[in-house]
Amino acid sequence: MGEDKENGIAFQHMIASVISMVMMAFKVQYTLILPDMDFNEDLEKCLEAMKHGHLVGIPTASGWMLAGDATNDRAMETLLNSTPQGIETGSGRQVPVVLIADERDLLQYVSALDLAVFDWLDQQVNPVAIWFEGVLGLAENLLDDHGGVAIGLVKEGFAHDLIKRFRRPLAVTPLEVEALEKRASLVARKHMLFTAKGFVIEKFV
């Protein structure tokens, strides 16, 4: 009788241990899928600022960027006047890189697009921007005399989510965080690791 009682207690302890481990496993999984409140808070603040034509500081795989609505002429004028960095164009002006979050957006903004560019983009590992001419639908002061600008695809991270939520491309130019604090209406927190400095600019042929 005493042996049966001990076996029953041991069985109960075993069941309790299993339940505890299951609960811990679910707790870990739940923690992993919880949204980053700082991440979402920064997204909302950046979205609100850009809706009113302001510039924001955001983290990307290519480092800190001063960013704004690439379709807003006034915002782009501020961006161009705020930073010396950019891509030299044939007219001597400096033009930021335009970021999109979906490669299909190229069909909307680039006329006579060579569809082979999609396969080429899939093979890229490092942050890259492609110089396109005949670009449509973006702020005119972003483009050179041939309607050209560098466009980069962001596949993940804070900038990707920001562009998806904003539903418009962003124009960005690199700045150190100290300079961002002076020029941006707000600077998001560093939500990702930097894997490169700036963009490699290619001309797809």
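No lab work stands behind these numbers, since they all come straight from the coordinates. Keep in mind it's a predicted model, so treat the numbers as computed, not measured. Positions of Cβ are backbone-derived with ideal geometry, glycine not excepted, and every protein chain shown enters the neighbour counts.
See the values below:
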read-out	value
Stretchable slack from residue 182 to residue 203, in nm (0.36 nm times residue separation minus alpha-carbon distance)	4.3 nm
Relative contact order [Cα under 8 Å, 6+ residues apart], segment 93-205, whole percent	39 percent
Highest-first arrangement of 147-154, 132-139, where packing means the average Cβ count within 10 Å	147-154, 132-139
Order by protection proxy (mean Cβ within 10 Å, highest first), peptides 72-82, 120-130	72-82, 120-130
Distance in nm between pseudo-label sites at residue 136 and residue 112 (7 Å out along the Cβ direction from Cα)	1.3 nm
FRET efficiency, residue 121 to residue 191 (Cβ-Cβ, R0 22 Å, nearest 0.05)	0.40
Mean Cβ count within 10 Å, highest first, over the residues of peptides 99-107, 176-184	99-107, 176-184
For segment 45-193: Kirkwood Rh in Å [reciprocal of mean 1/r, alpha carbons]	15.2 Å
